[in-house]
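Here the structure comes first, spelled out in structure tokens, and everything after it is commentary.
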Amino acid sequence: MALLELNNISRRYRSGQLQVDALTGINLSIEDGEFVSIMGPSGSGKSTLLNVIGCLDLPTEGTYSIAGRHVEKLRDGELAEIRNRFIGFVFQSFHLLPNLTALENVELPLIYRGVWGKERRDKAKAALESVGLGDRIDHLPSQLSGGEQQRVAISRAIVSSPSLILADEPTGALDSKSSENIMEIFRKLNRETGITIVQVTHERHIALYGRKIYHLLDGQIEKIENIQ
Ligand SMILES: Nc1ncnc2c1ncn2[C@@H]1O[C@H](COP(=O)(O)OP(=O)(O)O)[C@@H](O)[C@H]1O
Ligand SMILES: [Mg+2]
């Protein structure tokens with residue numbers, strides 16, 4: 001059974017008279033343990049697709065199942081639970097809370113899961129250590145470089161051991177050296193823990209870290225490229 005299965009997914013936005021077909025007829029199946037990249041020009045539907053995959057948005061047509069559960073039939077609370085249990089998100093602009101330290105930011109998903117005290121601190125610390133930030137745990141986001149902030153965000157994404165990381169332009173705000181560092185972390189996580197990674201990028205050298213590239217154009221999959 002595939003971890004993610006999208007059948008004939010479409011997403012149409014309407015505002016007044018205007019309608020935009022952000023996705024049309026997407027068929028996509030991703031197995032547990034894959035590392036895939038979604039590439040395409042600006043406006044091709046990459047973020048919309050990632051939001052549907054991450055249960056942040058629902059398709060207007062088609063069916064989608066994650067770990068065998070049909071998403072389009074679920075209520076908001078159940079969608080939130082799936083996001084919480086299965087998925088870690090990484091965004092281009094990090095989305096860290098500015099008044100919390102690195103450690104506190106990473107502890108947040110564990111609070112929602114009811115993990116307390118020393119166990120929570122130890123898990124958050126271990127996640128930060130795994131991305132090489134063991135000596136930065138008490139820093140605020142403003143005291144960290146962009147690359148370090150993204151590593152905190154990755155720690156937050158993995159701290160509750162999700163099955164899937166979804167990353168939307170994770171290196172879009174970073175210099176090339178930090179970008180490579182982030183991709184090496186993704187590669188290592190994928191290889192060593194078997195976590196599934198789906199990332200969106202418009203840069204080919206970043207996309208090449210995945211084992212498969214889905215090329216999007218005008219809301220459709222134009223081509224699937226296997227990387228050796
Ligand atoms: N909330 C929205 N309302 C209306 N149109 C939207 C909305 N979000 C995205 N779109 C449109 O859908 C298309 C795909 O957008 P998006 O998925 O953000 O593309 P990408 O991430 O590849 O740049 C674009 O034409 C965009 O303008
Ligand atoms: Mg986008």
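Remark on residue 217: its backbone amide H falls under 5 Å from those of 222, a criterion applied only to residues 5 or more positions apart or on other chains, H modelled at 1.01 Å from N.
Compute and list, largest first, the equivalent-ellipsoid semi-axes of the range 130-219 from the alpha carbon gyration tensor, each √(5λ) rounded to a whole angstrom.
On the way: eigenvalues 105, 51, 25 Å².
Square roots of five times the eigenvalues give 23, 16, 11 Å.
Once fully extended, how much extra length lies between residue 192 and residue 205, figured as 0.36 nm per residue of separation less the alpha-carbon to alpha-carbon distance? Working shown, then result.
On the way: separation 13, 0.36 × 13 = 4.68 nm, distance 2.19 nm.
Length gained between residue 192 and residue 205: 2.5 nm.
Electrostatic bookkeeping for residue 61 treats Lys and Arg as +1 and Asp and Glu as -1; over the other residues with beta carbon under 12 Å from its beta carbon, the sum is 0. Other residues with beta-carbon under 12 Å from the beta-carbon of residue 20 carry, at +1 per Lys or Arg and -1 per Asp or Glu, a net charge of +1. Calculated FRET efficiency, residue 139 to residue 176, Cβ-Cβ distance, R0 = 41 Å: about 0.95 to the nearest 0.05. Within straight-line reach of residue 123, meaning a Cα separation under 20 Å, sit the following aspartates and glutamates at least 8 residues removed in sequence or on another chain: 104, 107, 135, 138, 148, 192.
The value obtained for the chain, namely the Cα convex hull volume divided by the number of residues, is 134 Å³ per residue. Need one number: % antiparallel among DSSP beta bridges in the chain, to the nearest 5. Antiparallel bridges make up about 55 percent of those DSSP assigns within the chain. Comparing 185, 38, 87 in a Gaussian network model of the chain, where Cα atoms under 10 Å apart are tied by springs, the biggest mean-square fluctuation is seen for 185. Taking 0.36 nm per residue of separation and subtracting the current Cα-Cα distance, fully stretching the chain between residue 73 and residue 97 would add 5.4 nm.
Put a dot 7 Å past the Cα of residue 7, heading toward its Cβ, do the same for residue 111, and the two dots end up 4.1 nm apart. Within the listed set 172, 54, 45, the Gaussian network model of the chain (springs between alpha-carbon atoms below 10 Å) gives the highest mean-square fluctuation for 172.
Relative contact order for the range 59-196 using alpha-carbon pairs under 8 Å, separation at least 6, rounded to a whole percent? Rounded, it is 30 percent for the range 59-196.
Of 149, 19, 199, which is the most mobile in a GNM of the chain whose springs link Cα atoms less than 10 angstrom apart? For the chain, modelled as a Gaussian network with Cα springs under 10 Å, the answer is 19.
Give me the net charge for the shell around residue 78: Cβ to Cβ below 11 angstrom, other residues only, Lys and Arg +1, Asp and Glu -1.
The answer is +3.
No lab work stands behind these numbers, since they all come straight from the coordinates. Fair warning: this is a prediction, and the values are worked out from it, not measured in the lab. All Cβ positions, even for glycine, are placed from backbone atoms using ideal geometry, and neighbour counts span all protein chains on display.
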